[in-house]
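Undergrad: Questions regarding the structure given below will be posed in turn.
The values are calculated or read from the model by the stated rules, or taken from the named source; none is laboratory data. Note that the coordinates shown come from a computational prediction; the quantities given were computed from them, not determined experimentally. Neighbour counts are summed over all protein chains in view; Cβ atoms, including those assigned to glycine, are modelled from backbone coordinates with ideal geometry. The accessibility values were calculated without ligands, DNA or RNA, using every heavy atom of the protein model including side chains. Shrake-Rupley method; radii C 1.70, N 1.55, O 1.52, S 1.80 Å.
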Amino acid sequence: MLSNCCAVILAAGAGKRLKSKKPKALAEVLFKPMVQWVVDAVRSCEIEDICIVTGHGAEYIEDYFGDTVEYARQTEQLGTGHAVMAASEFIKKHSGSDVLIMYGDAPFISKDTIEGMYNAHKEAGCTCTLLSAVLDNPFGYGRIFKNNGKFEKIVEERDCTAEQKLIKESNVGMYWADADRLLFGLSKITPNNAQHEYYLTDLPMVLAQSGDNVDSYPIGDNDETASANDRVQLHQLNKSAAKREIMRVLNNGVSVMDESGIIISPDANIGRDTLILPGTVIKGKVTIGEDCVIGPNAYIEDSVVGNGVKVNSSQIYCAKVGDGTRIGPFAYIRPDSVIGENVKIGDFVEIKNSTIGARTSVSHLTYIGDSDVGEHVNFGCGTVTCNYDGLKKHRTVIGNDAFIGCNTNLVAPVTVGDGAYTAAGTTVTDDVPEGSLAIGRSRQTNKAGWAEGKIKK
Ligand code: UD1
Ligand code: MG
């Protein structure tokens, strides 16, 4: 339904109060830039055509989104109205349809709000609808003025008298507008205010004065209005979002005994009867199955974890972990690793860009990099795949049911066949055929009585 609409997202502000080198809209809430939250909400309404207005630190935003959105450049930041004017060409292309305008520093506005407000906008035959909220503490928000219930204007906090500041009905900072009336309204906005800026908040007033139908739409949930203009507010957004995500997973059947240090990404899906323990951070797009125990102190980023998995004090990045596998304590699973079912990855084990077959056990002090390991392989303590020759990385291949003795070095490229053994302390430089034993170390000699002679000396 909204698929023929488009969206303009304002993100040109420096966010001086955040004291960052990057633009404010890239400041992160639960590791996700605020403007990405906004883009995700817009996309969840099936609005495909999105234009982000960039200015301060434009290259950071353009790098981040690449060609997934369009951009308009606001070279001088002369206000939110001026920012939308920078997107005029984009808006003209959508003549005859409706434009959603959002700010890049308000990450929590939901799909329901965007859609509900659009429906109200169309049903009332408005050319502009703005999102409003009655706030206990409206400090910093524009105040909404009405006359006999009819929208009149928005006055910015800075332009309000002490008495006007008592008004609690506030401008949240989201608008639906008819593309053609939007362009007309923008052309009428002037910078006659405390900041000498072109305020977008004058748009509904200008249109109302021209006889257009303009109305406000009350938000359903005040939590969605939060925005961050400084680090303290950003911290508050993180805290409230973290709490909300914990509530979300609790309501999906996940257990959390204590929330201390638990951060769960808004893009995480966690199965029922999974237990999340303190100090666990789940970042980005993560799927975790049912009946898992994650934590304490687990860090999982952009990964897929199966059912019944245990991850104890370990880190997993861009990897896949099969059902029933136990990881940790103190293991490090690096990108492009695929760990099979019922595998054991124990303490001080690092796995990188490798596949590990089902029921394999890598219990202690081992590095497996660029390797393809079969099923039911046992790694002795202290095994190292020597995957780098100083110029190139090479692969190690280990067949099913192999037994790798303690302290084996596997100098890649090398293959150990199915059911083969390597003796403890062996440096494997040649392929080991199926079923054989490789011993690559010098033979031990015992010098009888040697110690006594040394003591006498
Ligand atoms: C704005 C609204 C205010 C509303 C509040 C809600 C205006 C004039 N005021 O105030 O009524 O209650 O949001 O949070 O709109 N931006 C640009 N170019 C500019 C200026 C700003 O792209 O020249 C972008 C910023 O990057 C930001 C957004 O517009 O993402 C809002 O700007 P901000 O300075 O945060 O406005 P507020 O003072 O919060
Ligand atoms: Mg703001």
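Undergrad: Answer with yes or no whether residue 125 is in contact with a helix residue (DSSP H, G or I) (Cβ under 6 Å, 6 or more places away or on another chain) and at pLDDT 95 or above. Full working, then the answer.
TA: Values: in contact with a helix residue (DSSP H, G or I) (Cβ under 6 Å, 6 or more places away or on another chain): no; at pLDDT 95 or above: yes.
For residue 125, the condition - in contact with a helix residue (DSSP H, G or I) (Cβ under 6 Å, 6 or more places away or on another chain) and at pLDDT 95 or above - is not met.
Undergrad: Under the condition of being surrounded by fewer than 18 Cβ atoms within 10 Å (Cβ to Cβ), more than 22 Å from the chain's Cα centre (by Cα) and in a loop (DSSP other than H, G, I, E, B), which residue from segment 47-90 is farthest from ligand 2 (Cβ to nearest atom)?
TA: Within segment 47-90, the match that is farthest from ligand 2 (Cβ to nearest atom) is 75.
Undergrad: Considering only residues that are open to solvent by 70 Å² or more (accessible area, probe 1.4 Å) and polar (S, T, N, Q), which ones fall in segment 222-245? If you could, list the steps in order and put the result at the bottom.
TA: As a first pass, look at segment 222-245 and keep what is open to solvent by 70 Å² or more (accessible area, probe 1.4 Å): 223, 231-232, 235-236, 239, 243-244.
The answer is 236, and nothing else.
Undergrad: Any residue in segment 7-26 that is assigned to a strand (DSSP E or B) sitting within a Cβ distance under 9 Å of a residue that is among the hydroxyl-bearing types (Ser, Thr, Tyr) and open to solvent by less than 30 Å² (accessible area, probe 1.4 Å)? List the pairs, counting only those 6 or more apart or interchain.
TA: Listed by first residue and then by second, the contacts come to 11/54.
Undergrad: Determine which member of the set 117, 34 is in contact (Cβ under 8 Å) with a residue 24 or more places away in the chain and either open to solvent by 10 Å² or more (accessible area, probe 1.4 Å) or under 22 Å from residue 185 (Cα atoms) (or both).
TA: Working: 34 fails: either open to solvent by 10 Å² or more (accessible area, probe 1.4 Å) or under 22 Å from residue 185 (Cα atoms) (or both).
Every option except 117 fails the conditions.
Undergrad: Still on this structure, I have one more. Do you know which residues across segment 15-24 are away from ligand 2 (no atom under 12 Å from the Cβ) and either open to solvent by 20 Å² or more (accessible area, probe 1.4 Å) or of a type in the set (A, V, I, L, M, F, W, C) (or both)?
TA: Within segment 15-24, the subset away from ligand 2 (no atom under 12 Å from the Cβ) is 19-23.
Correct list: 19, 20, 21, 22.
Undergrad: Just need a number here: residues in segment 168-186 that are more than 12 Å from ligand 1 (Cβ to nearest atom), without any contact (Cβ under 8 Å) to a residue 60 or more places away in the chain and open to solvent by 20 Å² or more (accessible area, probe 1.4 Å). Break it down into steps so the answer makes sense when it comes.
TA: Step one: list which residues in segment 168-186 are more than 12 Å from ligand 1 (Cβ to nearest atom), which gives 168, 176-186.
Filter again for without any contact (Cβ under 8 Å) to a residue 60 or more places away in the chain, leaving 168, 181, 184-185.
Still in the running and open to solvent by 20 Å² or more (accessible area, probe 1.4 Å): 168, 181, 184.
Total meeting the criteria: 3.
Undergrad: Name the residues in segment 196-207 that are part of a helix (DSSP H, G or I) and either surrounded by fewer than 21 Cβ atoms within 10 Å (Cβ to Cβ) or without any contact (Cβ under 8 Å) to a residue 60 or more places away in the chain (or both), would you?
TA: As a first pass, look at segment 196-207 and keep what is part of a helix (DSSP H, G or I): 200-207.
Answer for segment 196-207, where residues must be part of a helix (DSSP H, G or I) and either surrounded by fewer than 21 Cβ atoms within 10 Å (Cβ to Cβ) or without any contact (Cβ under 8 Å) to a residue 60 or more places away in the chain (or both): 205, 206.
Undergrad: Considering only residues of segment 30-40 that are assigned to a helix (DSSP H, G or I) and not polar (S, T, N, Q), which is nearest to ligand 2 (Cβ to nearest atom)?
TA: First, pick out the residues of segment 30-40 that are assigned to a helix (DSSP H, G or I): 34-40.
From what is left, the residues that are not polar (S, T, N, Q) are 34-35, 37-40.
On the way: 34: 10, 35: 12, 37: 14, 38: 12, 39: 17, 40: 19 Å.
Top of the filtered list is 34.
Undergrad: What residue, of 11, 27, is within 19 Å of the chain's Cα centre (by Cα), within 16 Å of ligand 2 (Cβ to nearest atom), closer than 24 Å to residue 241 by Cα and open to solvent by less than 10 Å² (accessible area, probe 1.4 Å)?
TA: Working: 27 fails: open to solvent by less than 10 Å² (accessible area, probe 1.4 Å).
Matching residue, one of 11, 27: 11.
Undergrad: With respect to residue 158, determine if the residue is away from ligand 1 (no atom under 11 Å from the Cβ) and either assigned to a helix (DSSP H, G or I) or at positive phi (or both).
TA: Values: away from ligand 1 (no atom under 11 Å from the Cβ): no; either assigned to a helix (DSSP H, G or I) or at positive phi (or both): yes.
Here the answer is no, as residue 158 does not meet what is asked.
Undergrad: Evaluate segment 28-49: report whether one residue or more is within 13 Å of ligand 1 (Cβ to nearest atom) and touching a Ser or Thr at 6+ places or on another chain (Cβ under 7 Å).
TA: no
Undergrad: Looking at (1) in contact with a strand residue (DSSP E or B) (Cβ under 8 Å, 6 or more places away or on another chain); (2) open to solvent by 10 Å² or more (accessible area, probe 1.4 Å); (3) within 16 Å of residue 219 (Cα to Cα); (4) among the hydrophobic types (A, V, I, L, M, F, W, C), which is the only condition residue 145 fails?
TA: Condition not satisfied by residue 145: (3).
Undergrad: Just checking, which of 270, 219 is surrounded by 14 or more Cβ atoms within 10 Å (Cβ to Cβ) and farther than 30 Å from residue 127 by Cα?
TA: On the way: 219 fails: farther than 30 Å from residue 127 by Cα.
From the options 270, 219, the qualifying one is 270.
Undergrad: Can you tell me which condition residue 114 does not meet? The list is (1) assigned to a loop (DSSP other than H, G, I, E, B); (2) away from ligand 2 (no atom under 16 Å from the Cβ), and all the others hold.
TA: Failed condition: (1).
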